[in-house]
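Novice: Just dropping this structure here.
FYI, it's all coordinate maths here, none of it is from the lab. On a predicted model such as this, the values are computed, not experimentally measured, just so you know. Heads up, the Cβs are rebuilt from the backbone with ideal geometry, glycines too, and the neighbour counts pull from every protein chain shown.
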Amino acid sequence: MMLKIILILALVGSIYPQDDKDLDSVIESIFGKPSSTQPPFINVKKPSTIVPPTNNQDKENQPCQTEEGKEGRCLRYFLCNSNNTVIDDGVGIIDIRVQADVCSSYLDVCCNVPDVRPPDNPITPKPPKFREGCGWRNPDGIGFKTIGDNDGESKFGEFPWMVAILNTDYVDPRIEAVNDANSEGQKLNVYVGGGSLIHPSVVLTTAHTVASIPTLKVRAGEWDTQTSKEIYPFQDRDVDSVIIHKDYNHVKKNLFYDIALLFLSSPVDMNVPNVALACLPPPRLVTPGGIRCFASGWGKDKFGKEGRYQVILKKVQLPVVERQQCQKQLRNTRLGPFFQLHSSFMCAGGEEGIDTCKGDGGSPLACPIENEPGRYMQSGMVAWGIGCGENGTPGVYVDVASLRDWIDDKIIGKGLDPKVYSF
C-alpha cells in the first residue's frame with residue numbers, strides 16, 4: 001500500500017498541465033475536491049490575452065488648452081519644446097499614475113502650438129552608455145524616466161531582452177482578456193507568455209508556453225502593451241520554427257525539461273537601445289541561495305479571478321532558494337512529503353505576496369553577474385508554483401544552467417553562434 005501511495009505522489013509531483021481543467025481532474029481523483037476557500041493546487045501560468053495596442057491615434061493632435069490657457073495640441077512629449085514635461089538631457093519625466101484629463105495618454109502633453117516639433121525632428125534622448133556584450137539592464141529606463149511606479153512597474157527598456165510571445169492564429173473565448181476594449185471584428189494578438197532574446201534570431205522560453213500553439217510571433221522592445229507612443233517602437237517577428245526538448249512531455253503532464261527555442265523568420269534590429277540580448281549562465285552553474293534576482297512579465301498581479309493582467313511590464317525582485325530548502329517547503333504543500341524536485345528546476349521567492357503569477361510562464365529570471373555591476377544572466381524561466389506568493393512558498397523556475405548544453409547544441413545546429421549570449 002505504501003508503495004502505491006509513493007507512486008501516486010511521484011506522479012502528482014511530475015504534473016504541470018497546459019489546462020487548469022485537466023489539473024483539477026487529476027488532483028480531485030487522488031485527493032478529492034479542495035474546499036472552496038482553497039486555491040488551486042498548482043498555479044499554472046497558462047495563456048492570457050492582450051490586445052496590443054489600442055487606437056494609438058486617439059486624441060492625438062486634437063486641440064487642447066495648456067495650463068496657461070493657451071491653444072495647444074495633444075502630442076507625444078518628445079515632439080514638444082514647452083516645459084509641460086520636464087526634460088533632462090533629452091529625457092522626459094513621466095508620471096505614470098496620471099490619467100490625463102486633457103490628452104488621452106500619459107505619454108502625451110498639451111503642447112503650445114508654437115512649441116510643436118515636426119515628427120521627423122523629435123527631442124532625442126541621450127543614448128545609454130555603450131556596453132559590449134549581453135545582459136545589461138537599464139535601471140533608469142530609456143528615453144523617459146517614470147515616477148509613480150510604486151506598484152512594481154519596470155522602466156521603459158529596463159529589461160531589453162524581455163519579449164512577449166503572441167498567438168496570432170486563434171482567440172479562444174475561454175481565455176481572459178487584459179482589458180475590455182475589444183473592437184468587434186478586430187483580429188487580436190493573444191498573449192501566451194514571456195521569453196527572452198538570446199540571439200537576434202532566437203527567443204528562449206518554456207515548452208508549456210508554446211507547445212500547443214501552431215502560429216506564433218514575438219514582440220521585442222515592448223513595455224506598455226496598450227500604446228505604441230514610446231520613443232522607440234517595439235519589433236514584431238514571426239516564428240519560423242520551434243524546437244522543444246525531446247524529453248518534455250505535456251501529454252503526460254510531465255514538465256521536466258520545460259524548455260523551447262523559437263527561431264525567428266528574420267533577426268530583430270539590435271541598433272536600438274530598448275532591444276538587447278540576455279546572457280545565459282555557464283553549463284551546470286548553481287546560483288547560490290539568497291542571491292536576489294529580477295523576474296519580469298505581463299502576468300497577473302494576484303492569484304484568482306480578481307487578479308488582472310498587466311498593461312505595463314512588471315518586475316519583482318526575488319531571492320534564489322537553495323534546492324533542498326525549496327524541496328522541503330514544497331513538501332509542506334499538497335505536493336506531499338515524498339515530492340522530488342526535478343534536476344531541470346530551480347526555485348526563487350518565498351516572500352509573502354511577492355511572486356510571479358499566471359501569465360508569466362516562460363518569462364526570465366535574471367540574476368546579477370558577480371563583479372560586473374548592472375549586468376545579469378538569465379538563471380531561470382517562470383514554470384509553476386503553488387498559487388502566487390501564498391504562505392511564503394517559493395516559485396519553481398526552469399534551471400537554465402542545467403539545460404545550457406542543450407541550448408548550445410540547438411543553436412549551433414542552426415548555424416548560429418552561442419558566444420553572443422555568453423559572458
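Novice: Beta carbons within 10 angstrom, averaged per residue: use that to sort the peptides 217-228, 132-143, highest first.
Specialist: Highest-to-lowest ranking by the protection proxy: 217-228, 132-143.
Novice: At a Förster radius of 60 Å, what calculated FRET efficiency corresponds to the Cβ-Cβ distance of GLN62 and GLN340, to the nearest 0.05?
Specialist: Details: r = 61 Å, r/R0 = 1.01.
E(calc), rounded to 0.05, equals 0.50.
Novice: Within the set LYS246/LYS314; LYS129/LYS229; LYS155/LYS410; LYS217/LYS314; LYS70/LYS155; LYS129/LYS315, which residue pairs have Cα atoms separated by over 25 Å?
Specialist: Too far apart for the 25 Å limit: LYS246/LYS314; LYS155/LYS410; LYS70/LYS155.
Novice: For VAL116 and SER228, what is the calculated FRET efficiency with R₀ set at 25 Å and r taken between the beta-carbons, to the nearest 0.05?
Specialist: Taking R0 as 25 Å, the efficiency between VAL116 and SER228 is 0.80.
Novice: Consider a paramagnetic label point 7 Å from the Cα of THR124 along Cα→Cβ; state which residues of the stretch 207-240 have an amide N under 15 Å from it.
Specialist: Within reach of a label on THR124: 232.
Novice: Further question on the same structure: Using label points projected 7 Å from each Cα along Cα→Cβ, tell me how many nm separate ASP409 and ARG284, to one decimal.
Specialist: So the two model labels end up 1.5 nm from each other.
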